[in-house]
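Let me begin by presenting the structure, written as structure tokens, before commenting on it.
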Protein chains: 4
Amino acid sequence: MCRWLAYSGSPILLEELLYKPTHSLIDQSLHSRLGVETTNGDGFGVGWYTENGEPPARFRGVGPAWNDQNLRELGRSVRSPLFLAHIRASTGSPVQQSNSHPFRHERWLWLHNGMIRDFAAMRRDLTLAVDSSLFPFIGGSTDSELMFYLALTFGLREEPIAAVEKMAGFVEAVGEYHGVIDPLQMTLATTDGERLWAFRYSSTRVSRSLYYSTDLDTLRAMYPDNANLRRLSDGTRIVVSEPLVDLAGAWQPVPEGSYGIIQEGSDTLGAFQPRIP
Amino acid sequence: MCRWLAYSGSPILLEELLYKPTHSLIDQSLHSRLGVETTNGDGFGVGWYTENGEPPARFRGVGPAWNDQNLRELGRSVRSPLFLAHIRASTGSPVQQSNSHPFRHERWLWLHNGMIRDFAAMRRDLTLAVDSSLFPFIGGSTDSELMFYLALTFGLREEPIAAVEKMAGFVEAVGEYHGVIDPLQMTLATTDGERLWAFRYSSTRVSRSLYYSTDLDTLRAMYPDNANLRRLSDGTRIVVSEPLVDLAGAWQPVPEGSYGIIQEGSDTLGAFQPRIP
Amino acid sequence: MCRWLAYSGSPILLEELLYKPTHSLIDQSLHSRLGVETTNGDGFGVGWYTENGEPPARFRGVGPAWNDQNLRELGRSVRSPLFLAHIRASTGSPVQQSNSHPFRHERWLWLHNGMIRDFAAMRRDLTLAVDSSLFPFIGGSTDSELMFYLALTFGLREEPIAAVEKMAGFVEAVGEYHGVIDPLQMTLATTDGERLWAFRYSSTRVSRSLYYSTDLDTLRAMYPDNANLRRLSDGTRIVVSEPLVDLAGAWQPVPEGSYGIIQEGSDTLGAFQPRIP
Amino acid sequence: MCRWLAYSGSPILLEELLYKPTHSLIDQSLHSRLGVETTNGDGFGVGWYTENGEPPARFRGVGPAWNDQNLRELGRSVRSPLFLAHIRASTGSPVQQSNSHPFRHERWLWLHNGMIRDFAAMRRDLTLAVDSSLFPFIGGSTDSELMFYLALTFGLREEPIAAVEKMAGFVEAVGEYHGVIDPLQMTLATTDGERLWAFRYSSTRVSRSLYYSTDLDTLRAMYPDNANLRRLSDGTRIVVSEPLVDLAGAWQPVPEGSYGIIQEGSDTLGAFQPRIP
């Protein structure tokens, strides 16, 4: 199990979310409150877009985030309008850079908290379903990355919601075939650098925690003196495994079995329904 | 702050203490109960002697112990009658192999839990007091290693108890000079491969937890059916930051401000008194 | 491309081959003479059996072997009658522990120098051919490990020579299907802890260098004053990517397209012939 | 021994010098032509300034530069008008992040190729000479970092040339005291984010190689069709351990026993003369 965050909005230094909040992601690496594990020390990663339209860059480590000096340096020197960050608590796959999130394919980034239950038993069937043109890009050995390549196989780049629903449906079908009860547990974020999709779903319908930040107009009205809120543009939004600060009214739970889209214009929330590909 | 253990007795596989007990040292790396920090993920180390009289060997890592595959392999392949193991929670010094315990000089090993308060301010004066013949062997940048080289400077190889008392007295004197209140906090273990010394002391007289195992005769009488206890020789003894198993009567707290010697014949416990070198 | 060695004979400390010879394996990590690359700094590993019949233990690293302190410590404390060691120069797969040789399955170890050409294109078909009971044990992403699991699929545990010939034949067939010219380049060693098999083969019939040590009777007659040779038992044998010392007559090239078996009784050399599984 | 480069001029992506030239710094990590060692695989580092006037940021690793994925990502996402990069071949100090160049103090960066001969013997006296206000900032155990703190002690921030001359003179005096012949071997670069100083000196007067790029006006006249040269501003200058590309006339050796200053206006070259502090 892991913790993650996704940010979209006014360009900010990574450290604004990774280090500075009371209950920042780095703090969560040692003291997660809502995670299945309190410690998330099995590697970490951050992927970010810049304003010049380049493909996203990544920095991924294999040690704990809390003692990584390079991440700290990066946090205070990289400014981004759209980034994902992840701290890992391995559920079995080795701790190695190729297993650290976010995963990347072309302009897409992907990160995951949760697991495919009994992954060892299901891994072969899931692997074989990855399109042969995508297969060579599988770099690591996690369930999370495989979910990404399955979603790409099922059309992530064309119809993201449907593709993730097909991925989930496929995982559940393979699980059923192998007699695995409640095979899927996930919160997900993925982005193409323009829009950001977040998902919360699990076979048991009791998914890992996920929150999104209240829209800024509302927040500014609630906290007229908060300078941080004034600096951010209207569309700025954060999605997190658990709240970064204790600010009443600032965080809304993503409903069980749903997805959200963060995009120019108005954000969207909808019901998530696994389907057979 | 850190957690550690020291073992002396019948040769056993390292994994018998590192992995197998309910609350093994590896379990403590994620879930310490008595430590100042619950997580000890900033490196680890083990130093061991063999029955053939060679100088001790070491294995030290910079990641968390809980996910280190090499340590697991070592645990099931190295058998030793005398070994020290340590899991680190850095109090500021970098996470690097040269800062992982145990430290070694000739046939001696040394490990420490605790800290020298305001070490940055005191480090120079402490460093200058290390004998010039020993200075080149300082490999890392921790307070713990410096305490070792100070103890060596003050005669660890000749009179271990007195040397550690001088080291503690010197640290407190330098602390006083720099206006540092209660500068020393320590539990220590050191060994020359024959005897094992353990220390529990702090300037505040409220030291970190330390326990030693009850003598085996007594334990066997209490638990006549315990096969593990029957396998071990009479003189076998374990010193630990916190109990490895919940076995009533098996662990005795090392009294505040005291030292213990584990040796052939009968073990010794005495009062620890810092002194000016 | 990589360098490796395999040892079978009188129990010796690992350092006797890893560090002490003039042109030891560690020296080859910086200054290989016969390798395609002079530097082999992309990880390393050693796997060893002990005399007590336990499954083999491993130590694998991701940095260069030449500056690894833990390997040095291990070298002077582990004694083994049968061990494999490997230094890696990646041909593209990530540098991570799960890609460091030797690979292990049950009591078997496996290491490889060479490559499957255009592996990215062929990887999916090769992966699908691994038996579903073995698939979950694939831990890394190298061609070398996949060759191991293919050989296991084709019967390595029952008929080692035939299984490796089938693996090679299968790789060449898949290569042909994908239009890859001369897909296979390999020197291999594998062992079950009793016998040791070495292979030298490539599609081009110009394989990477491989040598075995002359039998000890002959060597002792040639060098009656050499104390090292006197200490070793008659059956002692070393297989290496390149000679460890410049001792005239000590090293015999493994012929192109052949295999050798090192075993109790007399060793065997035979022709290697890829075959369709 | 090591290899390094320093860049000052039009903001460019780090990869323009780290990866793209035929004989880039990353290429030199495997295949140095002019270094004492052909392989520089014992860690690396890059320190850079941005145009917004922040203190410099750093990225430092402990593995070889050639296989570091994070460095590659950084190379294509960080743009800087002034940066230093270094690849290390350890002369004995441990391979750890705190020993990777460039070293940093406040706004200053520092990197070094060369060595203090018999450093173990001289280290204590050199350490004691560091000003007590600077002592706590010594983070690693290299001769190179100690030279930096000695230079800072002797006034680097006020009179850079004189301070480095005093540092060199002091090292030579301490060497003489300890009977070390020709104690100092160095090429150095240091910068405060505005100006860049480079030094080439050794006690033997046969120093490691060092080159600076020919001024751009001259180069453009020589190569009127070279698009790369047209993109760069007039004051752009590179200092390197060895040429990055084979472009006749592009590289000038820094004379033995001299320093250069790269700065707004005209650059300066002068004689370097160690002096007693």
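The values are calculated or read from the model by the stated rules, or taken from the named source; none is laboratory data. Just so it is clear, the model here is predicted, and its values are computed rather than measured. With ideal geometry, Cβ positions are generated from the backbone for all residues, glycine too; neighbour counts draw on all protein chains shown.
Things to note:
- For segment D:224-237, the tally of residues that are at pLDDT 90 or above and touching a helix residue (DSSP H, G or I) at 6+ places or on another chain (Cβ under 7 Å) stands at 1.
- Qualifying residue in segment A:173-181 (condition: more than 21 Å from residue A:102 (Cβ to Cβ), of a type in the set (Val, Ile, Thr) and surrounded by fewer than 17 Cβ atoms within 10 Å (Cβ to Cβ)): yes
- Restricting attention to segment D:79-103, the residues being in contact with a Gly (Cβ under 6 Å, 6 or more places away or on another chain) and farther than 25 Å from residue C:41 by Cα number 0.
- The C-beta contact set for segment A:118-134 (first residue more than 14 Å from residue C:121 (Cα to Cα), second residue small (Gly, Ala, Ser) and surrounded by fewer than 19 Cβ atoms within 10 Å (Cβ to Cβ), distance under 6 angstrom, 6+ apart or interchain) comprises A:124/C:132.
- Enumeration of residues in segment B:50-71 that are outside any helix (DSSP H, G or I), more than 14 Å from chain D (Cβ to nearest Cβ) and on the phi < 0 side of the Ramachandran plot: B:50, B:51, B:52, B:54, B:55, B:56, B:57, B:59, B:64, B:68
- Residue in segment C:142-158 that is among the small types (Gly, Ala, Ser), under 28 Å from residue C:53 (Cα atoms) and without any contact (Cβ under 8 Å) to a residue 12 or more places away in the chain present: yes
- Members of segment A:121-173 that are among the charged types (D, E, K, R) and outside any loop (DSSP other than H, G, I, E, B): A:123, A:124, A:125, A:143, A:145, A:165, A:166, A:172
- Matching residues in segment A:197-212 - criterion: being buried (at least 23 other Cβ atoms within 10 Å of the Cβ) and not charged (D, E, K, R): A:197, A:198, A:199, A:201, A:207, A:210
- For segment D:1-42, filtering for residues that are assigned to a strand (DSSP E or B) and within 13 Å of residue D:72 (Cα to Cα) leaves 1.
- Subset of segment C:72-110 (residues that are of a type in the set (A, V, I, L, M) and more than 10 Å from every other protein chain (Cβ to nearest Cβ)): C:82, C:84, C:85, C:87, C:109
- Enumeration of residues in segment B:1-36 that are more than 17 Å from the chain's Cα centre (by Cα) and within 14 Å of chain A (Cβ to nearest Cβ): B:27, B:30, B:31, B:33
- Check on residue D:113, buried (at least 24 other Cβ atoms within 10 Å of the Cβ) and either at pLDDT 95 or above or in a loop (DSSP other than H, G, I, E, B) (or both): yes
- Counting only residues that are of a type in the set (D, E, K, R) and either touching a Phe, Trp or Tyr at 6+ places or on another chain (Cβ under 8 Å) or more than 23 Å from residue B:79 (Cβ to Cβ) (or both), segment B:216-249 holds 5 of them.
- Some residue of segment C:47-61 being under 24 Å from residue D:92 (Cα atoms) and either in contact (Cβ under 8 Å) with a residue 60 or more places away in the chain or aliphatic (A, V, I, L, M) (or both): no
- Scan of segment C:142-186 for residues that are within 14 Å of another protein chain (Cβ to nearest Cβ), of a type outside the set (Val, Ile, Thr) and in contact with a helix residue (DSSP H, G or I) (Cβ under 6 Å, 6 or more places away or on another chain), ordered by number: C:143, C:146, C:178
- Candidates D:32, D:77, D:93 - the one that is surrounded by fewer than 24 Cβ atoms within 10 Å (Cβ to Cβ) and touching a helix residue (DSSP H, G or I) at 6+ places or on another chain (Cβ under 8 Å): D:93
- Verdict on residue B:43 being buried (at least 24 other Cβ atoms within 10 Å of the Cβ) and either under 22 Å from residue C:54 (Cα atoms) or in contact with a Lys or Arg (Cβ under 9 Å, 6 or more places away or on another chain) (or both): yes
- Candidates are the residues of segment D:248-277 that are crowded, with 18+ Cβ neighbours inside 10 Å and of a type in the set (A, V, I, L, M); the one that is farthest from residue D:163 (Cα to Cα) is D:250.
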